[in-house]
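Colleague: Quick one: this structure, given as C-alpha cells, is what I'll be asking you about.
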Amino acid sequence: MLTIIIIILGASFLLYTLLGGADFGAGIIESFAGKREEVTISKAMAPVWEANHVWLILAVVILFTAFPLVYSSLSTVLHIPLMMVLLGIICRGSAFTFRHYDIVIDKSHKYYTLLFRVSSFVTPIFLGIILGAMMLGRITFDTTKGFYEVFVAPWLNLFCIVMGIFSACLFAYLSALFLVGETTIERERKMYVRFSKRFMLLTMLMGLLVFIAASIEGHDLLSDFLHSVTSLITLILATFLCPVIWHFLNKQKNKTIYLRIGAGLQVSLILIGWFYIQFPVLIKMKSGSSLTFFNTQAPESTLQQLLIALLAGLILIIPGFIYLFKVFKIKSNSQ
Amino acid sequence: MNDFLAARMQMAFSLGFHIIFACIGMTMPVLMAFSEWRWLRTGKTVFLDITKAWSRGVAIFFAVGAVSGTVLSFELGLLWPTFMQHAGPIIGMPFSWEGTAFFVEAIALGIFLYGWNKLNKWVHWASGVIVGISGVMSGIFVVSANAWMNSPSGFDWVNGKAINIDPVKAMFNAAWLEQSIHMILAAFISTSFAVAGVHAYLILRKGANAFHTQAVKTALIFGSVAAILQPFSGDFSAKDIAKRQPAKLAALEALYKTSKPAELIIGGIPNDKEEKVNYALHIPGGLSFLTHGNFKAEVTGLDKFPKRDRPPVLITHIAFQIMVASGILLAFISVLYLVFSINWRHILLKKWWIVLVACATPFGFLAVEAGWTVTETGRQPWIIYGIMRTEDAVSPMPGLHYSFYIITAVYILLSLIIIWLMKRQISSISQYYNSANET
C-alpha cells in the first residue's frame, strides 16, 4: 500500500515538474522573446495552466496525509523559501489571468507582464532551493541554535542556489521544446528551436555545476550517483538523449511529438535517478538521521483511505486530463 | 504584534480572502450552465451573451481562487505545523477528495472556457455542469475538514498523540452535514445576490434591457431559493452547536450566565469585565426557545467554562449579529421576489424593487465573512476543539508577523486590482453583447 502511495506521490511530482515546469518556463522564455511570441505563449498556456498546477496540490495533500511529519517539518524549517514560492504562485497565476482577461489593453498590460515574468523566474528558483535543502542535510529542528542556523542556513548556500538556477534552466528548456510545436509561424518556430538548444546547453552546464557545488558544500553527490547503478544509467541515458533531441531540432519540419517524448523521458530519467539515490530519505538532517518514507508514514487506516481516494480520483482525473490536452493541444496542432 | 496573533490574523485573512473566490467558484458554474441550457433550449442569444459575459469574469475569480487555495494548503503547515502533524493523517481523506474534485473542476473549466468553438454545444454545456458539481463537492470536502476541527472524531487522543485513526469517521463527523449545507447555501446566496445586484445597478444606470433583466432573473432564482432555506439550516446548526460546543453558542449569543429560561440578546456590545451586554435588546425566553424549542429550558452560559477556555465574546457576538441580520434581510427580499414573480410580475420592473436588489449586493458576502468569523473565533482557544489549543499549534519560527504583513499587502492589492478589472469588464458589456443594447 505504501509503495503505491509513494509511486503516486512520485508521479504527481514528476508531472508537476514536466507540466508545471513547462508552464513556469514559458514565462522565462517569454522574457527573452518578442511581443508576438507573448501571444503564442498565452494562447498555448491559457486552457491548461490551472490543471497543470493542481499536480502540486495533489503532491502536498499526499505529503501531509501520508507523511505528516515531513510536511510539518518542511514547512517549519523552510518557511522562508516556501513563502517565496507561494508569493510567486499567487503573483504569477493572477498576473497571467489578468493579462489574458483584461478587456482593455493599455499600460496595465505592461505591469501584468512584468509581474508574470519576474515570478516565473523566482518560483522555480525557490522550488529548486527547497529540493536542494532536503538533500543537503543541514536541516535541524533545534531552535536553541538561533534563527540563522535553523531557518536560513539550511537553504541559503551555494548548492541550493545552484539547484534553484538548474531548475529554472530545466523548466525553460522544457518550455522551449514544448513551444516549438505550438506555433505555425516559421520565424517563431526557428526562434524556439534556438532557445531549446541554448537552454539545453545551459541546463547541462548547470547540471555539472550542481555536482561541483555539492562537493564544495561537502555533499558528495557524484559518488552517490556512482554507487547506484540505476542512477548512473538514468543519468547517462538522460545525457545521451541530448544529441538525439538536438538532431530532431535540426530537422526542417520538427516532429513535435518526438521532441516532447524526448524531453519527458529526460526529466523522468533525471528524477528517477535522483529518487534512487535519495530513497527512502525525504529530509536529510544535520544530526545525521533522516526523515524517511518509513519512519514518518501515517497509520495503516489513513493510508488505506488515502489510496482509495487517490485511485478513484485518478480514474476521474486521467481521462479528463487526456481529453483536455486532446482538445487543446492535438487538435489545434493538426489544424 | 506578537507572532501568535500574527499567525491567526494571517490565517483569518487568507481564508477570508479565499472564501469569496470559493463561493463564486461554486455558484457561478451552476448559474452559467443554467443560462447556457436556456440558450440551447430557446435559441435566444441573450442567454448565450450572459453566459459568455459571466465566464470572462469567472475565469479571473477562478484563477485567483485556485492560487489562493494552493497558498492555503501550504499555510496550514507554515503557520500550524503541530496541528497538521497530528491532524494530517486524520483529515487527509477529505482533503484528498477535495484535491480530486478540484482537479476535475480545473480540467472541466479549461474545457468550458476555451472550448466554445471546438466542441459540440451539449458537450460544452456538460463541461459546465461538471465544473458546477465538482465545485460544490470540493466545497463539501473542505468544509467537512473544518467541521472536524469543531467536532473532532475518528481517533483516540492518548498522551498527546492520535491513535486508532478512522478517517471515514473523522470525515463524517457530527458537524459535517450541517456545516456543509450552511456553507453551500451561503455560497449560492452571496454570489447570486451580488450578481443580481450588479446587474440591477446597471439597469438603474443605463436603463433596462434584455441582457441585464434576464441576468437578474437567473441569479435571483438561485439566490432566493437558497436564502429562504438558509434560516432553517441556521436553526439546525444552532441547535447542534448548543449540544456540541456550548461555549461557542454562549459566546455567539453573549450569554455570560447560565440561565433558565435564557433570554435572547439581540445586538449590543458585550463587556467581558462586567460580564454583561450593553445597549442590547432582550427577549425573555427567546434563546431557550431557539436552542431547545421550549421557552423555559436552561441554556449553558460562559460561566460554566474556566476563563481560559472561553472564546472571545465581543467579536463572536457581533459577527453573529451581522450574519443573522444580513441573512434575514436577504431571506425577506427572497420571499418578496417569489411572491411577486408568481402573481405580481409588474412589480419586478418597478424602480424601487430594482433599487432594493441593487442595495442587497454586498449583504450575502458580508454574511459569509461574518459567519466564517463566528465559526472560527467561536472555536477558540481550540484549534481542535477540546483536544489541542491554537497557541500550542503555532509555528516556532520567529518573525511570523512579517509574512502576515506581506500576505496582507498582496491580498489587498489583488482585491483592488480585481475590483478595478471587474469595473472595466462591466463597462464594456454593451460593446461586446448586442442583447445589452436591446430594450
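Colleague: Any idea which of (1) over 19 Å from the mean Cα position of the chain (by Cα); (2) buried (at least 23 other Cβ atoms within 10 Å of the Cβ); (3) more than 23 Å from B:Leu421 (Cα to Cα); (4) more than 7 Å from chain A (Cβ to nearest Cβ) is the one B:Pro94 doesn't satisfy?
Modeller: Going through (1) over 19 Å from the mean Cα position of the chain (by Cα); (2) buried (at least 23 other Cβ atoms within 10 Å of the Cβ); (3) more than 23 Å from B:Leu421 (Cα to Cα); (4) more than 7 Å from chain A (Cβ to nearest Cβ) one by one, B:Pro94 breaks only (1).
Colleague: Among the residues of the range B:348-368, is any in contact with a Ser or Thr (Cβ under 9 Å, 6 or more places away or on another chain), at pLDDT 90 or above and within 12 Å of chain A (Cβ to nearest Cβ)?
Modeller: No - not one qualifying residue is present in the range B:348-368.
Colleague: Any idea how many residues of the range B:212-267 are of a type in the set (Phe, Trp, Tyr) and over 23 Å from the mean Cα position of the chain (by Cα)?
Modeller: The qualifying residues number 1.
Condition check ((1) at pLDDT 90 or above; (2) aromatic (Phe, Trp, Tyr); (3) under 30 Å from B:Ile90 (Cα atoms)) across all residues:
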| site | (1), (2), (3) |
| --- | --- |
| A:Thr183 | no, no, no |
| A:Arg198 | yes, no, no |
| A:Ser223 | no, no, no |
| A:Ser228 | no, no, no |
| A:Asn254 | no, no, no |
| A:Ser287 | no, no, yes |
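Colleague: Taking A:Tyr148, is it within 14 Å of chain B (Cβ to nearest Cβ), farther than 30 Å from B:Ile60 by Cβ and surrounded by fewer than 22 Cβ atoms within 10 Å (Cβ to Cβ)?
Modeller: yes
Colleague: List the helices (runs of 4 or more DSSP H) inside the range A:19-80, counting only whole elements, that have at least 2 residues being more than 10 Å from chain B (Cβ to nearest Cβ).
Modeller: Per the criteria, A:21-32, A:35-45.
Colleague: Pick out the one residue from A:Leu271, A:Leu265 that is more than 10 Å from chain B (Cβ to nearest Cβ) and either touching a Pro at 6+ places or on another chain (Cβ under 7 Å) or more than 30 Å from A:Ser72 (Cβ to Cβ) (or both).
Modeller: Only one candidate passes the filter, namely A:Leu265.
Colleague: Can you go through A:Ser223, A:Ser196, A:Ser228 and tell me which one is free of Cβ contacts under 8 Å to residues at least 24 places away in the same chain and out of contact with any strand residue (DSSP E or B) (no Cβ under 8 Å at 6 or more places or on another chain)?
Modeller: Going through A:Ser223, A:Ser196, A:Ser228 in turn, the sole match is A:Ser223.
Colleague: From B:Ile184, B:Ile163, which residue is farther than 25 Å from B:Leu220 by Cβ, among the β-branched types (Val, Ile, Thr) and surrounded by fewer than 24 Cβ atoms within 10 Å (Cβ to Cβ)?
Modeller: Every option except B:Ile163 fails the conditions.
Colleague: For residues that are surrounded by fewer than 22 Cβ atoms within 10 Å (Cβ to Cβ) and closer than 20 Å to B:Gly69 by Cβ, scanning just the range A:94-114, find the one that is nearest to the other protein chains (Cβ to nearest Cβ).
Modeller: By that ranking, first place goes to A:Tyr101.
Colleague: If you don't mind, another one. From B:Trp116, B:Trp157, B:Trp122, which residue is closer than 17 Å to A:Lys326 by Cα and surrounded by fewer than 24 Cβ atoms within 10 Å (Cβ to Cβ)?
Modeller: Among B:Trp116, B:Trp157, B:Trp122, only B:Trp116 is closer than 17 Å to A:Lys326 by Cα and surrounded by fewer than 24 Cβ atoms within 10 Å (Cβ to Cβ).
Colleague: In addition: Within the range A:203-228, how many residues are under 23 Å from the mean Cα position of the chain (by Cα) and assigned to a helix (DSSP H, G or I)?
Modeller: Count: 16.
Colleague: Evaluate the following for A:Leu249: is it over 25 Å from A:Ala51 (Cβ atoms), buried (at least 18 other Cβ atoms within 10 Å of the Cβ), more than 10 Å from chain B (Cβ to nearest Cβ) and touching a residue at least 24 places away in the same chain (Cβ under 8 Å)?
Modeller: Against the criterion (over 25 Å from A:Ala51 (Cβ atoms), buried (at least 18 other Cβ atoms within 10 Å of the Cβ), more than 10 Å from chain B (Cβ to nearest Cβ) and touching a residue at least 24 places away in the same chain (Cβ under 8 Å)), A:Leu249 qualifies.
Colleague: Just give me the residues in the range B:39-56 being of a type in the set (D, E, K, R) and either free of Cβ contacts under 8 Å to residues at least 12 places away in the same chain or not in a helix (DSSP H, G or I) (or both), in sequence order.
Modeller: Of everything in the range B:39-56, those that are of a type in the set (D, E, K, R) and either free of Cβ contacts under 8 Å to residues at least 12 places away in the same chain or not in a helix (DSSP H, G or I) (or both) turn out to be B:Arg41, B:Lys44.
Colleague: Let me ask something else about it. Can you tell me which of B:Ile412, B:Ile417 is within 12 Å of another protein chain (Cβ to nearest Cβ), part of a helix (DSSP H, G or I) and among the β-branched types (Val, Ile, Thr)?
Modeller: B:Ile417 is the lone residue from the list that is within 12 Å of another protein chain (Cβ to nearest Cβ), part of a helix (DSSP H, G or I) and among the β-branched types (Val, Ile, Thr).
Colleague: Next question, about the same structure. Can you go through B:Leu421, B:Leu400, B:Leu414 and tell me which one is within 16 Å of B:Ser55 (Cα to Cα) and either touching a residue at least 12 places away in the same chain (Cβ under 8 Å) or crowded, with 19+ Cβ neighbours inside 10 Å (or both)?
Modeller: B:Leu421 is the lone residue from the list that is within 16 Å of B:Ser55 (Cα to Cα) and either touching a residue at least 12 places away in the same chain (Cβ under 8 Å) or crowded, with 19+ Cβ neighbours inside 10 Å (or both).
Colleague: Can I ask one more? Name the residue, out of B:Ile140, B:Ile165, B:Ile133, that is more than 28 Å from the chain's Cα centre (by Cα) and either aliphatic (A, V, I, L, M) or at the interface with chain A (Cβ under 8 Å from one of its Cβ atoms) (or both).
Modeller: Exactly one residue qualifies, and that residue is B:Ile165.
Colleague: Hey, another quick one. Just to be sure I understand, how many residues within the range A:266-299 are free of Cβ contacts under 8 Å to residues at least 60 places away in the same chain, of a type in the set (S, T, N, Q) and part of a loop (DSSP other than H, G, I, E, B)?
Modeller: Within the range A:266-299, residues that are free of Cβ contacts under 8 Å to residues at least 60 places away in the same chain, of a type in the set (S, T, N, Q) and part of a loop (DSSP other than H, G, I, E, B) number 1.
Colleague: Next up: If you check A:Phe199, A:Phe178, A:Phe121, A:Phe171, which single one turns out to be among the aromatic types (Phe, Trp, Tyr) and surrounded by fewer than 21 Cβ atoms within 10 Å (Cβ to Cβ)?
Modeller: Result: A:Phe121 is the single residue among A:Phe199, A:Phe178, A:Phe121, A:Phe171 that is among the aromatic types (Phe, Trp, Tyr) and surrounded by fewer than 21 Cβ atoms within 10 Å (Cβ to Cβ).
Colleague: Name the residue, out of B:Ala238, B:Ala280, that is out of contact with any helix residue (DSSP H, G or I) (no Cβ under 8 Å at 6 or more places or on another chain), surrounded by fewer than 22 Cβ atoms within 10 Å (Cβ to Cβ) and of a type in the set (A, V, I, L, M, F, W, C).
Modeller: Exactly one residue qualifies, and that residue is B:Ala280.
Colleague: Quick one: count up the residues across the range B:114-128 that are within 7 Å of chain A (Cβ to nearest Cβ) and under 22 Å from A:Val54 (Cα atoms).
Modeller: Qualifying residue count for the region: 2.
Colleague: Test each condition in (1) aliphatic (A, V, I, L, M); (2) more than 9 Å from chain B (Cβ to nearest Cβ); (3) surrounded by fewer than 24 Cβ atoms within 10 Å (Cβ to Cβ) for A:Ile90 and report the one that comes out false.
Modeller: (2)
Colleague: Can you give me the number of residues within the range B:113-149 that are farther than 23 Å from B:Val368 by Cβ and of a type in the set (Gly, Ala, Ser)?
Modeller: Qualifying residue count for the region: 4.
Colleague: Okay, next question. Within the range B:57-71, is there a residue that is in contact (Cβ under 8 Å) with a residue 60 or more places away in the chain and more than 20 Å from the chain's Cα centre (by Cα)?
Modeller: no
Colleague: If you don't mind, there's one more thing I want to ask. Residue check: is A:Phe328 more than 30 Å from B:Val168 (Cβ to Cβ) and within 11 Å of chain B (Cβ to nearest Cβ)?
Modeller: The answer is yes for A:Phe328.
Colleague: Could you tell me how many of the residues in the range B:30-60 are within 9 Å of chain A (Cβ to nearest Cβ) and not charged (D, E, K, R)?
Modeller: Selection size over the range B:30-60: 3.
Colleague: Looking for something of a type in the set (Ser, Thr, Tyr), within 17 Å of B:Ser326 (Cβ to Cβ) and in a helix (DSSP H, G or I) - is there at least one such residue anywhere in the range B:359-373?
Modeller: Yes, that holds for at least one residue.
Colleague: Which is within 14 Å of chain A (Cβ to nearest Cβ), modelled with pLDDT under 95, closer than 26 Å to B:Ile24 by Cβ and over 25 Å from the mean Cα position of the chain (by Cα), of B:Ser430, B:Ser435, B:Ser395?
Modeller: Only one candidate passes the filter, namely B:Ser430.
Colleague: Which strands (runs of 3 or more DSSP E) sit wholly inside the range B:255-345 and have at least 2 residues that are in contact with a Leu (Cβ under 6 Å, 6 or more places away or on another chain), modelled with pLDDT of 90 or more and not small (Gly, Ala, Ser)?
Modeller: Once the strands (runs of 3 or more DSSP E) in the range B:255-345 are filtered for at least 2 residues that are in contact with a Leu (Cβ under 6 Å, 6 or more places away or on another chain), modelled with pLDDT of 90 or more and not small (Gly, Ala, Ser), what remains is B:264-266.
The values are calculated or read from the model by the stated rules, or taken from the named source; none is laboratory data. Here the structure is a predicted model, which is why all the values come from computation and not from measurement. Heads up, the Cβs are rebuilt from the backbone with ideal geometry, glycines too, and the neighbour counts pull from every protein chain shown.
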